[in-house]
Structure formats: C-alpha cells, structure tokens
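The values are calculated or read from the model by the stated rules, or taken from the named source; none is laboratory data. All values derive from a computational prediction rather than experimental measurement. Note that we place each Cβ from the backbone using ideal geometry, even for glycine, and neighbour counts take in every protein chain shown. Side chains included, ligands, DNA and RNA excluded: accessible areas come from the protein's heavy atoms. Shrake-Rupley method; radii C 1.70, N 1.55, O 1.52, S 1.80 Å.
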Amino acid sequence: MLKAVLFDLDGTLLDTIPDIAGALNRSLAALGLPTHPVERCKSFVGSGIREAIRRAAPEGTGQETLERIHALYQADYPARCADATAPYPGIRKMLDALEKKGLALGVLSNKTERTTQRIIAHYFPEINFRCVLGRTEGRPLKPDAGAAAPALAALGVSPGEIAYVGDSGTDMAFAKAVGMLPAGAGWGYRSREELTAQGAETVLGSAGELLEYLPRL
C-alpha cells in the first residue's frame, strides 16, 4: 500500500526551463560561448547542473572554463529562479488532493537544496511537504540510490510504500534502484520511450492521471 509520494522538481512539478535556460545562456554568453534555444535546454537537465553545463558547452571545453560557467550560473540562477518558472497544469490541485488523502509528500531534486527549497516555498506555500531536498555537499545525486536516504528518513516509510514521480530516465532508474514505484511524468522534458526504457511502471499524461492511477495500486 502506498503511503507517500516523492516528486522530482524540474519537469515534474514545475516548468523551470525558461529560468534555467536564461541563466545558462547568460553564463555562456559572458564567456563568449554559443547559447541555445530554450527548447534545446530541456535535453541538458536531469543529472545536476554540472552535467547540464557540460552538455551545453561546446564539445571539448576544458574543466577550467566549465568551472567558470558554473560559477556564473550559480551567481545568476538562484536570484532569478522564479522569474518565468510555472507549475504544470493541475499540479496544485493534485498535490492538495494527495495531501487530503493522507499521503505524505516530499520533493527530491538534483538542484541545489537551497534553491529547491526557495522555489517550492515560492510556488507551493500551502502544501505541507515532509521534506524538500536537493544537492548538498557529500550527498550523492540521483540516480545513486544513496540520494534517497534523507527522504526515506523524513517520510518514515519503506521504499516499497513510496511512488517516485519524475520526468527523466534518471528518475526512473533511481526509483528502481531504491525500490520505490517509478512513475513517469509524461508532461515533462523527456520522452515516454526514455521513461519506459529506464523502468517506469506507468507514464502519466497529466497530473490528474496520477490521482486516477494511485488508488488502483
């Protein structure tokens, strides 16, 4: 029986790409490097910002330049992370309904924890998340199963009692590694094919479909 739902952030609860792309492109441009259309930036995210920067930078970019891009991004994005970001349709209604059903809710992202918490507090102040977790020093990133430890402690249930909802293959591989139910957010940044290939038990077409799916488990 499911007792909790843990969510990814980017591409799952919120469309954060406009703000991520803006900060990424401003950081690249500051160093005279090519920028990217917003749509293209969707393929960069999902494995942490350092990996997104590596994907966005020209092939063969040296580590020193990658570090400079990262420093510029970290000085830019946190201050502008709520400029153009927006919840996906039906997300607020879905979260409210899950909370009313008595399910424990949490967020686990590869975004830095401070920024993750700032964004969640800005967009969902009315939702009582048991945990809002992101990248911190010494904590592994998804898909490493070790990234789940603080979420499991906060939710207080076993992995088999948790559905993990995310939009990427990284999220699905992570959920499987931990023993959680992998539920694909088909409205996000990755394809249904990627989600299924990485182990999604279901690929949902909308937030409302999650409400219909969970009672059947």
In deg cm²/dmol, rounded to 500, what helix-only [θ] at 222 nm does the chain give when every DSSP H run of at least 4 residues adds -39500 (n - 2.57) and the total is split over its residues?
-12500 deg cm²/dmol
Taking all pairs of distinct Cα atoms, average 1/r, flip it, and tell me the Kirkwood hydrodynamic radius of the chain in Å to one decimal place.
17.4
State whether segment 112-217 is rounded, prolate or oblate according to the following rule on the C-alpha gyration tensor (a ≥ b ≥ c being the square roots of its eigenvalues): a/c under 1.5 gives rounded; otherwise a/b larger than b/c gives prolate, and the remaining case gives oblate.
rounded
Accessible solvent surface per residue of segment 1-149, calculated while the other protein chains remain in place, 1.4 angstrom probe, Å²
47
At 1.4 Å probe size, with the rest of the protein present, what percent of the exposed accessible area of the chain is carbon and sulfur atoms?
50
Taking only C-alpha pairs under 8 Å that are 6+ residues apart, what is the relative contact order of the chain in percent?
25
Nearest 20 debye, what's the magnitude of the dipole of segment 91-193 about its Cα centre given +1 on Lys and Arg Cβ and -1 on Asp and Glu Cβ?
160
For segment 1-73, what is the charge dipole size about the Cα centre, in debye to the nearest 20, if Lys and Arg each add +1 at the Cβ and Asp and Glu each add -1 at the Cβ?
40
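Once you order the gyration tensor axes a ≥ b ≥ c over the Cα atoms, which shape class does segment 82-174 get: rounded for a/c under 1.5, otherwise prolate or oblate by comparing a/b with b/c?
oblate
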Can you check what the net charge comes to around Glu113, using other residues whose Cβ is under 9 Å from the Cβ of Glu113 (Lys, Arg +1; Asp, Glu -1)?
+4
Helix 169-178 sits off the longest principal axis of the Cα atoms of the chain, rounded to the nearest 10 on a 0 to 90 degree scale, by 50
Which parts of segment 4-39 would a label at Arg50 reach, counting a residue when its backbone N lies under 18 Å from a point 7 Å out along Cα-to-Cβ?
none
Remind me, relative contact order of segment 135-187 in percent, using alpha carbon pairs under 8 angstrom and six or more residues apart?
34
I need the shape label for segment 131-181. Rule: rounded when a/c is under 1.5, else prolate if a/b > b/c, else oblate, with a, b, c from the alpha carbon gyration tensor.
oblate
Whose amide H sits under 5 Å from the amide H of Gly134, counting only residues 5 or more places off or on another chain, with H placed in the peptide plane?
Ser109, Glu113
Assigned charges on the beta-carbon of Lys, Arg, Asp, Glu; the chain dipole about Cα centre (debye)
240
Hey, can you grab everything whose amide H is under 5 Å from the amide H of Ala4? Only 5+ residues off in sequence or another chain; H modelled, so Pro and N-termini drop out.
Ala104, Ala163
Relative contact order for segment 105-217, counting Cα pairs under 8 Å that sit 6 or more residues apart, in percent:
18
Pop a pseudo-label 7 angstrom from the Cα along the beta-carbon direction at both Ala84 and Ala149 and give the gap in nm to one decimal.
3.9
